[in-house]
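J.: Structure in structure tokens, see below.
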Amino acid sequence: VEGVNASGGTSLRDALASVASSERTYAIVITDGGDRNSAFSDEEALRRISGTRTVVNAIVTGSSHASFLDRAAENTGGSVVHARTESINDALSRLLADINSRHILVYQSSIDDSGWRRIEVRARTRGIDILAARKGYFSE
């Protein structure tokens, strides 16, 4: 990550929508959280991302409010870390460790209607904490 310079002109929503995949994909975004040029609206990008197996993780630098990234991470079971520029490598190491320790659960709904479906993951055994889980998905 060292030696990378920010250049502005971010199309953050478009970039995340373009990597959305039906395959298990982990998107790690390092950004100031701003979006200056995207064609997709927040809702369009969230719908495109949330309907896939892509997990959005972000490292946000600076003071920009990143509500789109917060929602994208929450919907996909990812996380957002706020870091100063000098601590990006540490934040990236923590995200990679988290990704490498994840477990995958599979669920198939018996409901045939389309739209957003909220899900909740709970452990049956006491003492097991669910740290991150997808909040729902779009069915089509």
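J.: In this structure, does residue 56 turn out to be in contact with a His (Cβ under 8 Å, 6 or more places away or on another chain) and not acidic (Asp, Glu)? If you could, list the steps in order and put the result at the bottom.
T.: On the way: in contact with a His (Cβ under 8 Å, 6 or more places away or on another chain): no; not acidic (Asp, Glu): yes.
Criteria not met by residue 56.
J.: Sticking with this structure for a sec: Scan segment 127-139 and give yes if some residue there is at pLDDT 80 or above and of a type in the set (D, E, K, R), otherwise no.
T.: We begin by selecting, within segment 127-139, every residue at pLDDT 80 or above; these are 127.
Now drop any that are not of a type in the set (D, E, K, R), which leaves none.
No: zero hits.
The values are calculated or read from the model by the stated rules, or taken from the named source; none is laboratory data. Note that the coordinates shown come from a computational prediction; the quantities given were computed from them, not determined experimentally. Every residue, glycine as well, gets a Cβ built from its backbone with ideal geometry; the counts of neighbours run over all protein chains shown.
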